[in-house]
Amino acid sequence: MSSKFDKHWQGLFEEAMTDIVEWRQKHPRATFNHIEEKMDTRLAQVRSQMLQDLAQMSANTDLRGRLPEERPLCPECDQPLAANGQHTRELLTNYEQKVAIRRSYGRCPECGHGFFPPG
């Protein structure tokens, strides 16, 4: 992993930990469950940014310029997909955090089936 992401993710984690500690100091009577909920919520935000960064690194984010044999295949007719523009796809994580991924939308030149390739 590049040091760019190491530094970025470390900064996100440190910011989250600072927020949690500051929250705890302001809520000295918080129950264990409330502390756990706050921690899970805040760490879910860090997790979603990491997921977004990792997903954006996929080769399938941009099909343009890739040779047909390097492209994902259509699940309907097994033909290599063609790039059909760049679109932002929003996903929801297990912890209800939105992740936006900019990537190629693929369309099969044979049958016309279109979808965001996995990966």
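Readers should treat all values here as calculations from the given coordinates under stated rules, not as data from a laboratory. If you're wondering where the values come from, they're calculated on a predicted model, not measured in any experiment. We place every Cβ from the backbone using ideal geometry, glycine too, and count neighbours over all the protein chains shown.
Of note:
- Table column - 3J(HN,Hα) (Hz), region 15-21, Karplus curve with 6.51, -1.76, 1.60, x for Gly and Pro: 5, 5, 5, 4, 4, 5, 5
- Between amide H atoms placed 1.01 Å from N, distances below 5 Å from GLU110 occur with no residue 5 or more places distant or on a separate chain.
- Here the mean projected area of the convex hull built on the C-alpha positions of the chain is 9.3 nm².
- Low-density loop positions, GluC sites (Glu not before Pro), region 50-119 - DSSP coil, at most 11 other Cβ in 10 Å: GLU96
- Value of [θ]222 nm, deg cm²/dmol, for the chain, DSSP H segments ≥ 4, -39500 (n - 2.57) each, nearest 500: -14500 deg cm²/dmol
- Check: region 31-119 dipole with +1 on Lys, Arg Cβ and -1 on Asp, Glu Cβ, in debye: 320
- At full extension, GLN25 and LYS7 could sit 3.8 nm farther apart than now, given 0.36 nm per residue minus the alpha carbon distance.
- Residues SER58, SER48 in ascending order of nearby Cβ atoms (within 10 Å, fewest first): SER58, SER48.
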